[in-house]
Amino acid sequence: MTRQSHCNICNIIVRGNINLINVTKWPMPMMIKDQFQRPLRDLRISVTDRCNFRCPYCMPAEIFGAGYKFLPKSELLTFSEMTRLVQILVGLGVVKLRLTGGEPLLRRDIEQLVAMLAAIDGVEDMAMTTNAYLLPGKVQALREAGLQRLTISLDSLDDAVFRKMNGDRACVADVLKGLEAAEQAGFSPLKINAVVQRGVNDHTIVDLARFFKERGHILRFIEYMDVGNINGWRMDDVVPASEIVSRIDAEMPLEALPPNYPGEVATRFRYRDGGGEVGVIASVTKPFCGGCTRLRLSCEGVFYTCLFAAQGTDLRTPMRDGASDDELKAIVRKMWRERTDRYSEERTEVTSAPAQKVEMYHIGG
Ligand code: SAM
Ligand code: SF4
Ligand code: SF4
């Protein structure tokens, strides 16, 4: 029999080896659940496999050089195809969307997709993660099209460090221009993602925290993850979230905040002087698979039930072969019901990683 116990304080069910958030507290009329009783709630859509940066932890320049063959347009899902899939997924419980990539602003007319998705009844929240380089020319149109929230990635305020972390494609001022444009368009507070790599940018953590504290945006430090196979990840490169928090707390005292909703990936803190919020995403040292309600759609129409998956489920082929909405829905329902992913919890238990994991730029962060 499976071992099961329940903690009333943190709302976690321990079943076998997985720490499950108590999903009975999620109000969802049409939810489908996976093998660990996790409902489908969030969809991340990678709208392009291209990017104007070459962050070594995601798309190293040595691999994604001038001769690299990105997907041809004919293989990318069209906006109508994406919209159709989202309509089907909303019928299975999805309420939150995040557009990502690659760099989502490189997808031509992305604001048209935003408008099409915003018009779907049942989509409660739509956000985008971007490196912000192209935001000044796009952000107003995104706002008008119905985008609700923006996350901007910025790993350091030190130009030399930042350039190293984006493959020498942009300076800090470029991102700050995008950030200011986003503020002016009404996207405030913003969320800021910063990946932390030991020996690369960890000495700049506190500066980044101070800057965004003063600016009133919500900074999230992300533990460097072993997504894909090409970034040469080593555990030694990871700065544990607990260490990130202690370093900030030593200079600007923090206190813990409760999650905004069950299964939130960030652990939140507020500054004791009342100056806003900061968070850490401890996907390596404190995995949160038990509350993982996220499905990912690659730009060519393959669904992945985990960021670290080796294989996905192709929906583009049946869709282009004429499958009905009910047939496509049945494929997604089966895929989610069979889901057993808990890679980040297993990472510490197994010695060998799954073969050929999908890359981050392909399915989005
Ligand atoms: N290009 C956009 C950007 O950078 O914001 C969106 C796509 S990017 C894949 C989404 C997020 O994933 C970014 O915040 C990025 O820093 C993060 N990311 C990429 N590779 C990562 C890794 N190996 N570990 C942790 N976070 C990573
Ligand atoms: Fe591009 Fe974002 Fe990956 Fe950096 S993290 S290479 S900006 S997709
Ligand atoms: Fe979800 Fe997979 Fe990440 Fe676990 S490892 S939280 S299942 S995406």
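The values are calculated or read from the model by the stated rules, or taken from the named source; none is laboratory data. The model shown is predicted, which means the values in this text are computed figures rather than measured ones. Note that each Cβ is placed from the backbone with ideal geometry, even for glycine, and that neighbours are counted across all protein chains shown.
Below are the figures for this structure:
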item: Unmet criterion (only one of (1) outside any helix (DSSP H, G or I); (2) in contact with a Leu (Cβ under 6 Å, 6 or more places away or on another chain)) for SER188; result: (2)
item: Unmet criterion (only one of (1) closer than 20 Å to GLY263 by Cβ; (2) of a type in the set (Val, Ile, Thr); (3) out of contact with any Pro (no Cβ under 9 Å at 6 or more places or on another chain)) for THR293; result: (3)
item: Residue match in the stretch 176-191 (condition: aromatic (Phe, Trp, Tyr) and under 23 Å from PHE64 (Cβ atoms)); result: no
item: All positions within the stretch 50-93 that are crowded, with 17+ Cβ neighbours inside 10 Å and near ligand 2 (Cβ under 9 Å from one of its atoms); result: ARG50, CYS51, PHE53, ARG54, CYS55, PRO56, TYR57, CYS58, MET59, PHE64
item: Test: residue in the stretch 275-288 that is within 16 Å of ligand 1 (Cβ to nearest atom) and touching a Gly at 6+ places or on another chain (Cβ under 8 Å); result: yes
item: Looking only at the stretch 233-248, and only at residues there that are β-branched (Val, Ile, Thr) and part of a helix (DSSP H, G or I), the one that is nearest to ligand 2 (Cβ to nearest atom); result: ILE244
item: Output for the stretch 314-342, where each listed residue is part of a helix (DSSP H, G or I), of a type in the set (A, V, I, L, M) and touching a strand residue (DSSP E or B) at 6+ places or on another chain (Cβ under 8 Å); result: ILE331, VAL332, MET335
item: Criterion (within 30 Å of GLY232 (Cβ to Cβ), out of contact with any helix residue (DSSP H, G or I) (no Cβ under 8 Å at 6 or more places or on another chain) and either more than 16 Å from ligand 3 (Cβ to nearest atom) or not polar (S, T, N, Q) (or both)) met by exactly one of ARG108, ARG98, ARG143, ARG149; result: ARG98
item: Cross-chain or 6+ apart pairs with Cβ under 8 Å, the stretch 222-234 first and under 21 Å from ASN193 (Cα atoms) and of a type in the set (Gly, Ala, Ser), then within 12 Å of ligand 3 (Cβ to nearest atom) and modelled with pLDDT under 90; result: GLY228/LYS357; GLY228/VAL358; GLY228/MET360
item: Index of the failed condition, TYR271 passing every other in (1) buried (at least 16 other Cβ atoms within 10 Å of the Cβ); (2) within 21 Å of the chain's Cα centre (by Cα); (3) in contact (Cβ under 8 Å) with a residue 40 or more places away in the chain; result: (2)
item: Pairs, first within 12 Å of ASP42 (Cα to Cα) in the stretch 90-119, second of a type in the set (Ser, Thr, Tyr), C-beta under 7 Å, six or more apart; result: ARG98/THR129
item: Check on LEU157, in contact with an Asp or Glu (Cβ under 7 Å, 6 or more places away or on another chain) and farther than 18 Å from GLU103 by Cα; result: yes
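Every residue, every condition in (1) polar (S, T, N, Q); (2) part of a loop (DSSP other than H, G, I, E, B), yes or no:
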{"site": "GLY274", "(1), (2)": "no, yes"}
{"site": "VAL280", "(1), (2)": "no, no"}
{"site": "THR285", "(1), (2)": "yes, yes"}
{"site": "ARG296", "(1), (2)": "no, no"}
{"site": "CYS299", "(1), (2)": "no, yes"}
{"site": "ALA309", "(1), (2)": "no, yes"}
